[in-house]
Amino acid sequence: MAAALLDYVPTSLRTIAKRAALAVGVEITRNPFAKRLTALCDRLDVRAVLDVGANSGQYATFLRQAGFAGHIVSCEPVADAHAKLVRAAAADPAWHPERLALGPSAGEVEVNVSGNSYSSSVLPMLDAHRDAAPESAYVRTESAPMSTVDDLLGTYGYPPERTLLKIDVQGYEWEVLQGARAVLPALAAVQVELSLTPLYDGQRLMGDISDLLVAAGLELWAIEPGFCDPATGRMLQCDGVFVRSGS
């Protein structure tokens, strides 16, 4: 990562560089996207984040380090990753780990577990994805409970207009949004992984997801680059942040 280059610069030079940048109105930070997202949450008065596809808690940690102090519900269906998530959240009373997949309806679902865990998915990956990222190959399947965004927000009692929905579910984004039909028109914001080309069998791509969110009254606020094909440099996925229109 570009930010990691700062680790190779002596502390004194880093301090000088940061002061010089601030003098001309530029802030140097390790993760400017985290700062922008937290500032957006402050502006929208977001009090809760529903973290769908939490893995071992990287996103919630990212938010906490950037200064978000509200409630976080992190949902992760894979047992090993969920155990790490529970440990990460143990000292934070406003961080609630759930062993759940979220989808279009409540029930049970089979999850394809990848070797790197964070590429695990309900949908089977296509060969092109496996070739681009061999560490994401599946090693087993697991059954997991599945709920919906609508039901989970109802259980916790968080008002949608004060909630950010984050979705990182490896091709299953459309199905998660189908389970959010009741709250989607009221959510403050949605951050969702968008695929520019098919990586999983049956997944919906960036255009379909964007159209659904825009139809629900959200508008694209930011795009953050994501996974690229290491051989060609082509961007395969990015994160889109959608905000309630007029906010």
Of all residues in the range 83-129, count the ones that are on the phi > 0 side of the Ramachandran plot and either part of a helix (DSSP H, G or I) or surrounded by fewer than 16 Cβ atoms within 10 Å (Cβ to Cβ) (or both).
1
Among the candidates Ser120, Ser147, residue that is touching a helix residue (DSSP H, G or I) at 6+ places or on another chain (Cβ under 9 Å) and within 13 Å of Gln170 (Cβ to Cβ)
Ser120
Which of (1) under 25 Å from Asp42 (Cα atoms); (2) open to solvent by 20 Å² or more (accessible area, probe 1.4 Å) does Leu184 not meet, given it meets every other one?
(2)
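Checking the conditions here, which among Val139, Val214 is open to solvent by 40 Å² or more (accessible area, probe 1.4 Å), at pLDDT below 95, more than 16 Å from the chain's Cα centre (by Cα) and among the hydrophobic types (A, V, I, L, M, F, W, C)? Step through it out loud before you land on a result.
On the way: Val214 fails: at pLDDT below 95.
Only one candidate passes the filter, namely Val139.
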Filter the range 67-81 down to the residues that are assigned to a loop (DSSP other than H, G, I, E, B) and farther than 14 Å from Asn112 by Cβ and list them by number.
Gly67, Phe68, Ala69, Gly70, Glu76
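Residue under question is Gly246, and the condition is that it be of a type in the set (Gly, Ala, Ser), free of Cβ contacts under 8 Å to residues at least 24 places away in the same chain and open to solvent by less than 70 Å² (accessible area, probe 1.4 Å); does it hold? Steps first, please.
Working: of a type in the set (Gly, Ala, Ser): yes; free of Cβ contacts under 8 Å to residues at least 24 places away in the same chain: yes; open to solvent by less than 70 Å² (accessible area, probe 1.4 Å): no.
So Gly246 does not fit the description; no.
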Name the residue that is most open to solvent (accessible area, probe 1.4 Å), counting only residues in the range 217-243 that are touching a Ser or Thr at 6+ places or on another chain (Cβ under 8 Å) and of a type in the set (Gly, Ala, Ser).
Gly217
What are the pairs, 6+ residues apart or on separate chains, where a residue within the range 93-112 that is under 20 Å from Thr141 (Cβ atoms) has its Cβ under 6 Å from a residue that is part of a strand (DSSP E or B) and of a type in the set (Val, Ile, Thr)?
Ala101/Val109; Leu102/Val52; Glu110/Thr141; Asn112/Thr141
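The values are calculated or read from the model by the stated rules, or taken from the named source; none is laboratory data. Because the structure is predicted, anything quoted here is derived from the model rather than measured. When we count neighbours, we look across all protein chains shown, and the Cβ atoms used for this are built from the backbone with ideal geometry, even at glycine. For the accessible areas, the whole protein counts, side chains as well, though only heavy atoms, and no ligand, DNA or RNA atoms are used. Shrake-Rupley method; radii C 1.70, N 1.55, O 1.52, S 1.80 Å.
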